[in-house]
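I have placed the structure first, in the form of C-alpha cells, so that the comments after it can refer back to it.
The values are calculated or read from the model by the stated rules, or taken from the named source; none is laboratory data. Bear in mind that the values here come from a model prediction, so they are computed numbers and not experimental data. Backbone-built Cβ (ideal geometry, glycine too); neighbour counts: all protein chains shown.
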Amino acid sequence: MTGTIVNYYFHCKQQCWLFANRINLENNSEDVHVGKVLHELKTEGRKNTEISIENIKVDKIDNTYVTEIKRSDSDMEAVKWQTLFYLKVLKSKGIERKGKIEIVEKKYNNKKINYLELNEELENKLNSILQEIEALLNYKEPPIGQLLPKCKKCAYYEYCFL
Ligand code: SF4
C-alpha cells in the first residue's frame with residue numbers, strides 16, 4: 001500500500017487498480033510530468049526534508065508537520081486521505097506528526113494551506129478505507145471506468161477509452 005494508491009482510490013477506482021497492478025503509463029503523461037517538475041522546484045534546496053519510510057515518500061517533514069504539496073485543489077478528498085495514510089504509517093513507527101497540505105497554484109502565484117490531524121475517528125475510517133482498497137486490488141480485472149472530464153488529463157485515458 002502506498003499514499004499514491006490511497007489517493008487514486010478516491011480519484012478513480014480504475015486508476016487505483018491499474019497503478020497498483022503495475023500497469024504504469026504515467027511516464028507518458030504531460031500532466032504528471034508538470035506535477036513532477038513543480039515538485040522538484042518546490043523542494044529545491046530543501047532535499048533533506050524529503051524522507052522515505054518503507055513504501056512511503058513524503059514531500060516534507062519537520063518537527064511538527066508532514067507536508068504534502070499539490071498543484072491543484074481539485075481532489076482534496078484524495079489528498080486528505082493520502083496525507084492521513086502517511087500520518088498513520090509514521091505513527092506506527094513512533095513518529096507522531098500533524099498533516100499540512102500545500103496547494104501551490106502556479107498560474108495564480110498563490111499558496112493555500114490546509115491542516116489536519118489523525119484523530120481516532122479518522123484513523124478508524126482510514127482503516128476501513130484501507131480494507132476496501134485491499135478488496136478492490138484483489139479483483140482479477142479493473143472496475144469499468146466511466147468517461148468523465150478528468151479522464152482527458154489522465155495518463156490512462158488511451159488505455160481506458162481508445
Ligand atoms: S481515464 Fe478516467 S476511468 Fe480511466 S483511469 Fe483515468 S480517470 Fe479513471
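Let's see how each residue does on (1) farther than 21 Å from Tyr65 by Cα; (2) touching a helix residue (DSSP H, G or I) at 6+ places or on another chain (Cβ under 6 Å); (3) free of Cβ contacts under 8 Å to residues at least 60 places away in the same chain:
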| position | (1), (2), (3) |
| --- | --- |
| Lys98 | no, no, yes |
| Ile103 | no, no, yes |
| Asn109 | yes, no, yes |
| Lys112 | no, no, yes |
| Leu130 | yes, no, no |
| Pro149 | yes, no, yes |
| Lys153 | yes, yes, no |
| Tyr159 | yes, no, no |
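Checking Leu136 against (1) closer than 16 Å to Thr2 by Cβ; (2) assigned to a loop (DSSP other than H, G, I, E, B), only one condition comes out false. Which one?
Unmet for Leu136, out of (1) closer than 16 Å to Thr2 by Cβ; (2) assigned to a loop (DSSP other than H, G, I, E, B): (2).
Search segment 50-82 for residues being part of a helix (DSSP H, G or I) and touching a residue at least 60 places away in the same chain (Cβ under 8 Å), and hand back the single one that is surrounded by the fewest Cβ atoms within 10 Å (Cβ to Cβ).
Glu77
Considering only residues that are part of a helix (DSSP H, G or I) and surrounded by 10 or more Cβ atoms within 10 Å (Cβ to Cβ), look in segment 106-123 and name the one that is farthest from the ligand (Cβ to nearest atom).
Within segment 106-123, the subset part of a helix (DSSP H, G or I) is 106-108, 120-123.
Subset that is surrounded by 10 or more Cβ atoms within 10 Å (Cβ to Cβ): 106, 122-123.
Working: Lys106: 22, Leu122: 26, Glu123: 28 Å.
Top of the filtered list is Glu123.
Any idea which of Lys140, Lys125, Lys152 is on the phi < 0 side of the Ramachandran plot, over 20 Å from the mean Cα position of the chain (by Cα) and basic (Lys, Arg)?
Working: Lys125 fails: over 20 Å from the mean Cα position of the chain (by Cα); Lys152 fails: over 20 Å from the mean Cα position of the chain (by Cα).
Testing whether each residue is on the phi < 0 side of the Ramachandran plot, over 20 Å from the mean Cα position of the chain (by Cα) and basic (Lys, Arg) leaves just Lys140.
Among the listed residues Ile103, Ile144, which satisfies the condition of being modelled with pLDDT under 95, β-branched (Val, Ile, Thr), more than 16 Å from the ligand (Cβ to nearest atom) and outside any helix (DSSP H, G or I)?
Just a single option satisfies the conditions, and that option is Ile103.
Quick check on segment 147-157: of everything there that is surrounded by 11 or more Cβ atoms within 10 Å (Cβ to Cβ) and either of a type outside the set (Gly, Ala, Ser) or modelled with pLDDT of 95 or more (or both), which residue is farthest from the ligand (Cβ to nearest atom)?
Of the residues in segment 147-157, the ones surrounded by 11 or more Cβ atoms within 10 Å (Cβ to Cβ) are 150-151, 153-157.
Filter once more, keeping what is either of a type outside the set (Gly, Ala, Ser) or modelled with pLDDT of 95 or more (or both): 150-151, 153-154, 156-157.
On the way: Lys150: 5, Cys151: 3, Lys153: 8, Cys154: 3, Tyr156: 4, Tyr157: 4 Å.
Across segment 147-157, the extreme among qualifying residues is Lys153.
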